[in-house]
Amino acid sequence: MSEPDSDTLDPTSLRTPIVAVLGHVDHGKTSLLDKIRGSAVIEGEAGAITQHIGATAVPLDIISSIAGDLVDPEDFDLPGLLFIDTPGHHSFTTLRSRGGALADIAILVVDVNDGFQPQTLEALDILKRSQTPFIVAANKIDTVPGWDPNEDTPINATYDDQTDRVSSRLDESLYEIIGNLSDEGFSADLYWRVQNFQRNVGVVPVSAMTGEGVPDLLAVMMGLSQRYMKEEMEIDVAGPGVGTVLEVKEEKGFGTTIDTVLYDGTIRADDTLVVGGMNDPIVTEVRALLQPRPLAEIRTESRFEKVDEVGAAAGIKVAAPELADAMAGAPVRVVRDRDLEAVITEVRAELADIAVDTEEQGVVVKADTLGSLEAMADALEEAELPIVRAEVGDVAPRDVSVASTAEDPKQQVILGFNVDVLDDAHQRAETDDVRIFADEVIYQLIEEYEEFVEELERAQQDTILENIVRPARFRILPDHTFRQNDPAVVGVEVNSGTIQNNTNVVKYENNEPERVGQIKGIQEQGEDVDEARAGNRVSVAIDGPTVGRQIEEDDELWTQIPEKHAKILEQELASEIPGDELEALNMYLDKQRSRDPFWGK
Ligand code: GDP
């Protein structure tokens, strides 16, 4: 799959591609990384794989010994792969670099039994948007019933070893995944059938448990990087470092530190840095560069060991003053011998590029990182939902204050993606009548919100309907006068619409409406009721008229609808009320408008 490169590039000028592993919870991201790390430790000389902060570097020679015949180190000049090992799209969304995703390449892990799940779809969405090349690891093939495991072998060897029944069961699951990918707009196939990995997504069957297929996975990743990404890997190794904040963490003895993925140049222990902050770029001096201490050496003091310099690509913890306002996902730049103001301008520009557009009115959005905030903003834009404030961080009482000022109850809302809701924010939200939605899947968050809006709209319409006089046309039945007057009690049949207690009743004489009285009681089969619907026969007490004078048996009567109510009914509620009620309304409007064409308009 890979080709020897004829360019005579100094290999030291090519950095390690950065790999992100993402997928639905429990599909095996951690296990897969553990397996790769474990195999690397077994295969390699001690110390050949290096544990970084938030990442593991696996050098080419180790990849080649794990992958066996599938990777000939002679074919490659990239130094290996750097796996970001805080797995999940949660961290992946953080991983932004100038103008794109920080991860150069990604592995989307899908459980062959479980198939596509919400976070799988979300991960795909993020991959699509950031245009990150990826392959799919169809994981847990060892769980196919009847599977005969062959530890750590390439897929074709173990596949040939299975019975026809077992291999066709695996095929079925794999084709389902390929079908799902195609539904999402990705043309995909089993990786050995893929000719052009830029156009097609390769699916690699693996087991993070038995290691089957892991050689293939590493070979495909390596080949893909070498073939399509080599140019992007050419960096100025000794230049001033550029990176992205992965996490902001308090560390005993060091104060606030930033776990940083460096993707260009170097950071030195005496460098000045500019870091993206909540408000403005932070200018600070490195106090210490920290890497995890190898397990054997953890004795007393710190889990970390200080280093003088690191070069891209690497994960490093930076201890420095003034970092409290640093944000996950924000840029980090080394100043070194450049003009400080120029570097601040660069960082500011990068931040502006990620910044979310806000409006005068809208919902409050909180997310764990700048990248996830951006992903949220994109999704909300698609859902045509304006944002009044978008910030990195947990949901705090002051967010509730902002949300409570929204004019529209639908916007008295906070949407939190991958964040915690502080206790006092919960309390405040209850008193201020602000709704907080928190979830780890963006589209579920939006769905929950949309359900809330629907509910709210239904409730609003219900209250409007409750306060509005409902149209009704009804007829006094012959021989059904139970009382002549004070009040008149007659049997009626509702022809269309709904009659309700306490509504006024009119009758039309030569198209002139005449108010005859007010309904003061409705009984259905001897029981008091509040309303009667079309088709019902009930007796009504009408305060005002006398049967035989203002009203007669067989008269057609109407509930009297105030003009304002008629207007709301016709213009806003026409689709909410039952068809027969709409019919009564239209007949009523026709009668009124035959006298005044603009009535109720
Ligand atoms: P994550 O949430 O994606 O990081 O998933 P984990 O790596 O924690 O795996 C979830 C569960 O699936 C764990 O119990 C793993 O032991 C199990 N698991 C992961 N990969 C495999 C596999 O290839 N085969 C089997 N049988 N189990 C697996």
Worksheet, complete the sentence: Taking the range 100-149 and keeping only residues that are at pLDDT below 95, hydroxyl-bearing (Ser, Thr, Tyr) and surrounded by fewer than 24 Cβ atoms within 10 Å (Cβ to Cβ), one is left with 130, 132
Item to complete: Please work out if residue 385 is at pLDDT below 95 and within 30 Å of residue 80 (Cβ to Cβ).
Response: no
Response to the item:
Quick count over the range 177-221, residues being away from the ligand (no atom under 16 Å from the Cβ), open to solvent by less than 40 Å² (accessible area, probe 1.4 Å), part of a loop (DSSP other than H, G, I, E, B) and touching a residue at least 40 places away in the same chain (Cβ under 8 Å), is 2
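Name the single residue, out of those in the range 21-33 being of a type in the set (A, V, I, L, M, F, W, C) and more than 14 Å from residue 122 (Cβ to Cβ), that is nearest to the chain's Cα centre (by Cα).
Quick first cut of the range 21-33, residues of a type in the set (A, V, I, L, M, F, W, C) only: 21-22, 25, 32-33.
Next cut, more than 14 Å from residue 122 (Cβ to Cβ) only: 21, 32-33.
Details: 21: 18, 32: 24, 33: 25 Å.
Checked the range 21-33; the qualifying residue nearest to the chain's Cα centre (by Cα) is 21.
Can you go through 157, 123 and tell me which one is outside any strand (DSSP E or B), more than 13 Å from the ligand (Cβ to nearest atom) and either small (Gly, Ala, Ser) or closer than 22 Å to residue 227 by Cα (or both)? Explain how you work it out, then say what you get.
Values: 123 fails: more than 13 Å from the ligand (Cβ to nearest atom).
Being outside any strand (DSSP E or B), more than 13 Å from the ligand (Cβ to nearest atom) and either small (Gly, Ala, Ser) or closer than 22 Å to residue 227 by Cα (or both) holds for just one of 157, 123, which is 157.
Taking the options 524, 448, 514, 440, name whichever one is open to solvent by less than 70 Å² (accessible area, probe 1.4 Å) and touching a Phe, Trp or Tyr at 6+ places or on another chain (Cβ under 9 Å).
448
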Fill in: Candidate set from the range 433-472 (those that are in a strand (DSSP E or B) and under 19 Å from residue 385 (Cβ atoms)); member that is farthest from the chain's Cα centre (by Cα)
435
Worksheet item: How many residues, within the range 1-15, are open to solvent by less than 80 Å² (accessible area, probe 1.4 Å) and modelled with pLDDT of 50 or more?
Response: 3
Item to complete: Would you tally the residues in the range 16-42 being more than 7 Å from the ligand (Cβ to nearest atom), among the small types (Gly, Ala, Ser) and open to solvent by less than 10 Å² (accessible area, probe 1.4 Å)?
Response: 2
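Can you work out which of the residues in the range 160-173 that are away from the ligand (no atom under 16 Å from the Cβ) and under 24 Å from residue 68 (Cα atoms) is most open to solvent (accessible area, probe 1.4 Å)? Give the derivation first.
Looking only at the range 160-173, we keep the residues that are away from the ligand (no atom under 16 Å from the Cβ), and these are 160-161, 163-165, 167-168, 171-172.
Add one more test, that the residue is under 24 Å from residue 68 (Cα atoms), and what stays is 160-161, 167.
Details: 160: 126, 161: 77, 167: 16 Å².
Filtering the range 160-173 for residues that are away from the ligand (no atom under 16 Å from the Cβ) and under 24 Å from residue 68 (Cα atoms), the one most open to solvent (accessible area, probe 1.4 Å) comes out as 160.
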Discussion item. Looking at (1) within 16 Å of the ligand (Cβ to nearest atom); (2) part of a loop (DSSP other than H, G, I, E, B); (3) over 16 Å from residue 206 (Cβ atoms), which one does residue 114 not meet, given that it meets all the others?
Written reply: (3)
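I'd like the full set of residues that are outside any loop (DSSP other than H, G, I, E, B), at pLDDT 85 or above and away from the ligand (no atom under 15 Å from the Cβ), limited to the range 43-61. Break it down stepwise before answering.
Going through the range 43-61, the residues outside any loop (DSSP other than H, G, I, E, B) turn out to be 43, 50-52, 55-61.
Filter once more, keeping what is at pLDDT 85 or above: 52, 55-61.
Matches in the range 43-61: 52, 55, 57, 58, 59, 60, 61.
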Worksheet item: Residues of the range 417-431 being among the aliphatic types (A, V, I, L, M) and over 23 Å from residue 372 (Cα atoms), which ones?
Response: 429
Discussion item. Let me confirm something: among 236, 270, 189, 216, which residue is over 31 Å from the mean Cα position of the chain (by Cα), within 18 Å of residue 112 (Cβ to Cβ) and acidic (Asp, Glu)?
Written reply: 216
Item to complete: Have a look at 475, 470 and point out the one that is closer than 25 Å to residue 551 by Cβ, open to solvent by 60 Å² or more (accessible area, probe 1.4 Å) and touching an Asp or Glu at 6+ places or on another chain (Cβ under 9 Å).
Response: 475
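Do we find a residue being in a helix (DSSP H, G or I), touching a strand residue (DSSP E or B) at 6+ places or on another chain (Cβ under 9 Å) and surrounded by fewer than 18 Cβ atoms within 10 Å (Cβ to Cβ) anywhere in the range 554-575?
no
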Worksheet item: Which condition number in (1) of a type outside the set (A, V, I, L, M, F, W, C); (2) away from the ligand (no atom under 16 Å from the Cβ); (3) in contact with a Leu (Cβ under 9 Å, 6 or more places away or on another chain) is the one that residue 228 fails?
Response: (3)
Item to complete: Kindly list, by first and then second residue, each pair from a residue in the range 354-374 that is within 25 Å of residue 331 (Cβ to Cβ) to a residue that is assigned to a loop (DSSP other than H, G, I, E, B) and modelled with pLDDT under 85, limited to pairs with Cβ atoms under 7 Å and residues at least 6 apart or on different chains.
Response: 371/95; 373/356; 374/356
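The values are calculated or read from the model by the stated rules, or taken from the named source; none is laboratory data. Everything numeric in this text was worked out from a predicted model, so none of it was measured. Every residue, glycine among them, receives a Cβ derived from its backbone with ideal geometry; neighbour counts consider all protein chains shown. Remember, those area values only see protein heavy atoms, side chains included, never the ligands or the DNA or RNA. Shrake-Rupley method; radii C 1.70, N 1.55, O 1.52, S 1.80 Å.
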